[in-house]
Amino acid sequence: MKIVLTHAYYMQEDEKEKGINKPYPPLGLLYLSAWLEQAGYDNSIFDSTFSSSTEHQDYLREEEPDVIAIYTNLMTKIEVVKLVQFIRSQANLKNALIVIGGPDVTHNIENYLGIGSDVIVIGEGEQTLLELVEATEKGLRPHFGHIHGLAYKDEDGNIIRTQKRGHLKAVDELPVPNRKKIDLHQYLNTWKTHHSRSSISVSTQRGCPYTCRWCSTAVYGQSYRRRSPEKVVEELIELKTTYSPDQVWFVDDVFTVSHKWLQKFRDEMVAQKVDLEFECITRAERLNNEVLGMLKDAGCFRVWIGAESGSQKILDAMDRRVDATQVQSMIMAAQKHGMEAGTFIMLGYPGETEEDIVETLNHLRKANPNLFTITIAYPIKGTGLYNEIDAKRLKELDWTKSTDRDIDFQRTYCRKYYDYAVRWVVNGLNIHKAKSNGQGMRFSVFKMRIKFFLSRIFMFWYKTFGKKQKPIGVSKNLSQQQSSLLPDA
């Protein structure tokens, strides 16, 4: 049986991604590949990152796989739809079993089955995909009702959702990602060429125990399961020996959630004399001077500390369970420990006013992070934020040609206001940074001041005269959302 695992991220066909040039391998697929291989099932990975959609299609036509497992998320969803439709249009691929998994499927089951997918894997995929492959090999297709964690259509076209798959608790049983199946050097070389340092991604944990209303836990759930420090360090040593990356990016949601784990990790890194820098994400209340010291000793050169807003009112509305002043103090403390500190900002959250945005800029000026990202809030299906704004959405979207990032809803001000609010915050912080560095009189800073001033004028204009659209009401596709809530078989 020929098994192909793939995704649909084409970096060279995305102008924004080409400009960023910071690709990472599809870790989820690499874990699936290793799990199948461990069980005796050979498989191939078509890594689309450095390929075109045409090359992708040609490969599938030539290989004629029996099983095609495709990972999908917000970034790749539209291309995944096109890929599934292509597969279904090909006579020599008509019998291929199309399996879709990833964070976007859980609350879009009917939609993904409607475009021609055969099976949806809900949640973690290793055990489920293996059992699905075993059942297919035995000729049980399409009778998959005994496999937990699936959704599919029976022979009468009815959607069947099987019993929920429990979380894989013994995550140390996971084999390391099957990186040998792809050309990892393409990733490392891209990083090296565009950023002078090569970077590689590693996962140490699954799940997140927190309840932020805008964050999706569709795959790993609201849980906390972690590989042992020894296993993680063993993987890092192997990566350093095989690929010699300059740095590691830990993809975990909250790297310092367990101080006990972190201490053991630090001790193991020091004992094994692993000289490999890394960056990670965490929360301010899971940091203190001792923890920052452990991070630094282990090799951390940059820590990203979630903030999202400088307004305590908005942080509380997000259920972030953190104090804005604590975020500020931990950003500054990380810098005192010799690490860079980054943070995340989100504007346009429900209930946010201009006063809250001013607080956010002041928050950034006080904290003065080395790096920050800023976005306008968007609701992901299945999250508390989506449920909150569903009746306030401004238009119905074509599911096959849009993602949750395209969903807009009735906010305090019209949507255009926030485009200028983003520019105002960005330029406001950059001006502050320049002044702090004694560069406030440079011509480039003068241009920033003009942009800052103009952004404020446009904010005033759209706040005062901007036309706010009326919401369309509760989703017309409510049945599609409810399909993910069908009773377990």
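Descriptive notes on the structure:
- Residue among 67, 251, 346 farthest towards the positive dipole end of the chain, charges placed on Cβ: 346
- The slack between residue 197 and residue 435, meaning 0.36 nm per residue of separation minus the straight C-alpha distance, is 82.8 nm.
- Residue order, fewest to most surrounding Cβ atoms within 10 angstrom, among 100, 159, 380, 457: 457, 159, 380, 100
- The residue among 358, 263, 322 whose Cα reaches farthest toward the positive pole of the charge dipole of the chain, with charges on the beta-carbon of Lys, Arg, Asp and Glu, is 358.
- Alpha carbon centroid spacing (whole Å) that separates the range 127-180 from the range 347-384: 39
- Three-way shape call for the range 6-73 based on the alpha-carbon gyration tensor, with the a/c threshold at 1.5: oblate
- Calculated FRET efficiency for the pair residue 141/residue 271, C-beta based, R₀ 51 Å, to 0.05: 0.55
- Computed magnitude of the charge dipole of the chain (debye, nearest 20; Cβ of K, R +1, Cβ of D, E -1): 2320
- Each of 398, 104 was scored by other Cβ atoms within 10 Å of its Cβ. Listed from fewest to most, they are 398, 104.
- Net charge contributed by nearby residues that have their C-beta within less than 14 Å of residue 319 (K/R +1, D/E -1): 0
- Value of relative contact order over the range 45-184, rounded to a whole percent, pairs C-alpha under 8 Å and six or more apart: 18
- DSSP loop trypsin sites (Lys or Arg not before Pro) with at most 14 other Cβ within 10 Å: longest gap in the chain: 3-93
- The chain, relative contact order [Cα under 8 Å, separation at least 6], %: 12
- Positive-end extreme of charge dipole, the chain - chosen from 387, 241, 445 (charges on Cβ): 445
- Ellipticity estimate at 222 nm from DSSP helix runs (n ≥ 4, -39,500 (n - 2.57)) divided over the chain, nearest 500: -12500 deg cm²/dmol
- Translational D in µm²/s for the range 197-371 (Stokes-Einstein at 4 °C, 1.567 mPa s, Kirkwood Rh from C-alpha pairs): 77
- Cysteines in the chain lacking a second Cys C-beta under 4.7 Å: 208, 280, 300, 414
- For the range 197-371, the relative contact order is 19 percent, taking Cα pairs closer than 8 Å that sit 6 or more residues apart in sequence and dividing their mean separation by the residue count.
- Residues listed by number, the range 357-392, amide nitrogen under 19 Å from residue 319 label point at 7 Å toward C-beta: 377-392
- For the range 197-371, size of Cβ-based charge dipole, Lys and Arg +1, Asp and Glu -1, in debye: 380
- Our note on the geometry: Cα centres of the range 202-270 and the range 2-48, 20 Å apart.
- Summarising the strand pairing of the chain, around 20 percent of its internal DSSP beta bridges are antiparallel.
- Exposed-loop-free span, longest in the chain, where GluC sites (Glu not before Pro) count as exposed if DSSP calls them loop and at most 16 other C-beta atoms lie within 10 Å: 156-395
- Gyration tensor (Cα) of the chain, equivalent ellipsoid semi-axes in angstrom: 38, 30, 21
Bear in mind that the values in this text are calculations on the coordinates, not laboratory data. What you see is a predicted model, and the numbers here were worked out from it, not measured in a lab. Counting neighbours? That spans all protein chains shown, and the Cβs are built from the backbone with ideal geometry, glycine included.
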